[in-house]
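Q: Sharing a structure, written as structure tokens. Questions coming.
What follows draws every value from the coordinates through simple rules; no lab data is involved. These numbers come from a predicted model, not from an experiment. We place every Cβ from the backbone using ideal geometry, glycine too, and count neighbours over all the protein chains shown.
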Amino acid sequence: MNVQCEVCQKEFPIGEVTPAKFVRPAVASLIEKECPNWNADSVVCHDDANRFRSQYVQSVLTEEKGELTSLERDVVESLREHEILSQNLNTEIDDESTVGQRLADHVASFGGSWTFILFFGGVLVVWITVNSIAMLGKSFDPYPFILLNLVLSCLAALQAPVIMMSQNRQEIKDRLRAENDYRVNLKSELEIRHLHSKLDLLLTHQWHRLLEIQQVQTDLLEELGKRK
């Protein structure tokens with residue numbers, strides 16, 4: 001059995017439409033503005049219902065916070081399209097990084113590890129020991145180890161900008177993670193609000209049904225009482 005959507009005037013199976021009594025009043029008011037013929041017996045297709053829900057969420061956010069940011073508009077759009085916002089940012093960033101950026105990350109990771117400290121400490125000990133023993137003869141870097149100082153200075157001069165490059169990439173990762181967390185949290189909050197509204201509407205509908213059933217039962221009891 002097909003029914004006609006009051007908004008787009010297209011016919012849909014009954015399982016692909018939402019009756020007016022299950023539409024949130026705030027959303028229904030938006031539908032009434034666009035469709036004056038909207039009434040308690042009307043139905044709306046899922047696409048149009050999601051579109052009006054998106055408009056309502058956007059209007060609520062705009063009223064509470066002012067103009068929407070691009071992140072908040074993405075969240076509203078994802079609500080309408082039922083998209084998943086959570087994503088693995090590490091994989092996306094690694095896929096987009098260049099060879100130089102990945103090399104900087106590896107150098108910074110190695111330079112901040114105990115492996116580097118122990119390895120470089122061993123090199124220094126060997127360097128100083130060899131040149132100290134050979135001091136009586138001919139050494140390639142006699143005391144005060146001028147060549148060693150030059151090597152250390154060059155290493156520090158090269159290592160510092162590489163570490164800064166890696167820190168800049170880490171800062172970008174942290175910013176993207178914060179934006180992603182904000183989008184996910186905002187969508188979760190809006191989804192919870194929407195679920196609460198649905199539950200309130202369902203409880204109200206069930207309450208009216210229970211009152212109707214109770215009234216029918218009361219009428220039956222009165223009729224039975226009259227027969228006695």
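Q: Please give the length that would be gained between residue 143 and residue 110 if that part of the chain were fully extended, namely 0.36 nm times their separation in residues minus their C-alpha to C-alpha distance (nm, one decimal). Numbers along the way, then the final one.
A: On the way: separation 33, 0.36 × 33 = 11.88 nm, distance 2.98 nm.
Extending this stretch completely gives an extra 8.9 nm.
Q: So, one more: Å³ per residue of the Cα convex hull, for segment 154-196?
A: Working: hull volume 1.3 nm³, N = 43.
Per residue, the Cα convex hull of segment 154-196 comes to 31 Å³.
Q: Which FRET efficiency value, to the nearest 0.05, is calculated for residue 156 and residue 132 with the Förster distance at 22 angstrom and r the Cβ-Cβ distance? Could you put the intermediate results ahead of the total?
A: Values: r = 23 Å, r/R0 = 1.07.
The value I calculate is 0.40.
Q: Give me 110, 52 sorted ascending by neighbouring Cβ count inside 10 Å, so fewest comes first. Each step should come with its number before you reach the end.
A: Working: 110 11, 52 23.
Going from sparsest to densest Cβ surroundings: 110, 52.
Q: Computed over the Cα atoms, what is the radius of gyration of segment 101-143 divided by 2.2 N^0.38 Å, N being its residue count? Each step should come with its number before you reach the end.
A: On the way: Rg = 15.2 Å, N = 43, 2.2 N^0.38 = 9.2 Å.
So the Cα radius of gyration is 1.65 times the expected 2.2 N^0.38 Å.
Q: Calculate, for residue 175 and residue 196, the FRET efficiency according to 1/(1 + (r/R0)^6) with r their C-beta to C-beta distance and R0 25 Å; round to the nearest 0.05. Write down the numbers at each step before the final one.
A: Numbers: r = 32 Å, r/R0 = 1.28.
After rounding, the FRET efficiency stands at 0.20.
Q: Restricting things to Cα coordinates, could you compute the convex hull volume per residue of segment 89-178 in Å³? Don't jump to the answer; show the numbers that get you there.
A: Details: hull volume 8.8 nm³, N = 90.
Here the figure is 97 Å³ per residue.
Q: Among 183, 53, which comes first, second and so on when ranked by fewest other beta-carbon atoms within 10 Å?
A: Values: 183 18, 53 21.
Ascending number of Cβ neighbours within 10 Å: 183, 53.
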